[in-house]
1. Here are Ala26, Ala69, Ala51: which of them is surrounded by 10 or more Cβ atoms within 10 Å (Cβ to Cβ) and modelled with pLDDT of 85 or more?
2. Could you please tell me which pairs satisfy a Cβ distance under 8 Å, a separation of 6+ or placement on different chains, a first residue in region 44-63 that is assigned to a strand (DSSP E or B), and a second residue that is of a type in the set (D, E, K, R)?
3. Looking at (1) within 22 Å of the chain's Cα centre (by Cα); (2) part of a loop (DSSP other than H, G, I, E, B); (3) farther than 17 Å from Pro132 by Cβ, find the lone condition where Leu40 falls short.
4. Mind listing whichever residues of region 137-162 are in contact with a strand residue (DSSP E or B) (Cβ under 7 Å, 6 or more places away or on another chain), farther than 16 Å from Lys56 by Cβ and basic (Lys, Arg)?
5. Just need a number here: residues in region 117-139 that are farther than 14 Å from Ala47 by Cβ and touching a Leu at 6+ places or on another chain (Cβ under 6 Å).
6. So, of the residues in region 108-157 that are crowded, with 18+ Cβ neighbours inside 10 Å and without any contact (Cβ under 8 Å) to a residue 24 or more places away in the chain, which turns out to be farthest from Glu76 (Cα to Cα)?
7. If you take the residues in region 72-85 that are surrounded by fewer than 14 Cβ atoms within 10 Å (Cβ to Cβ) and in contact with a strand residue (DSSP E or B) (Cβ under 9 Å, 6 or more places away or on another chain), which one is nearest to Ser137 (Cα to Cα)?
Amino acid sequence: MIVREYEKDEVTVHKAPLMLMGGIIAASLVLTASVTFGLLPREAVPAEARAAAGVKAAEARTLRFFDEADGTVRVEDGASAEVLARFGPGEGGFIRATVRSLVHQRRIRNIGAEVPFTLTQWDNGGLTLADPVTGRSLEVSSFGPDNRAVYANLLPGKGEVR
């Protein structure tokens, strides 16, 4: 049997990958500094972009979300308490994920569920789920037409752009 002995400290790394990693880190730092010092524009904020373009709200509804004992998520109208939808276990993954992220922001601030969320459809077709308490919002339209349709079906006019 042939046995090769290696020295314990024999670890070799090629210089090319290290140089590439260093270049990526340097480029990231340069781009970050460029945005920080105003050399490059910051990412667009949807609310500011809508205001600049004169986009108005076409429809809005307040929503409350409840976890039921059997794992179902119940969606109610924030004003009338009318049940708009139910998503059983294994259903409504997009609703669960988006609402969970907004509720998490409330929990870390010790804010309860007294104030409902607001779902707004804009006259350009955009759809936003916002939390008026924390100021956080999600541009639902950014997640594709299928996920947008889930929320659009919760609007009074079923999400049709007028």
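The values are calculated or read from the model by the stated rules, or taken from the named source; none is laboratory data. Just so it is clear, the structure is predicted and the values come from calculations on it, not from any experiment. Virtual Cβ from ideal backbone geometry, glycine too; neighbours counted across all protein chains shown.
1. Ala26
2. Ala57/Asp123; Ala58/Asp123; Ala58/Arg162; Glu59/Arg162; Arg61/Asp77; Thr62/Asp77; Leu63/Glu76; Leu63/Asp77
3. (1)
4. Across region 137-162, the qualifying residue is only Arg148.
5. Counting residues in region 117-139 that are farther than 14 Å from Ala47 by Cβ and touching a Leu at 6+ places or on another chain (Cβ under 6 Å) gives 3.
6. Restricting to residues being crowded, with 18+ Cβ neighbours inside 10 Å and without any contact (Cβ under 8 Å) to a residue 24 or more places away in the chain, the top hit is Ser141.
7. Ala79
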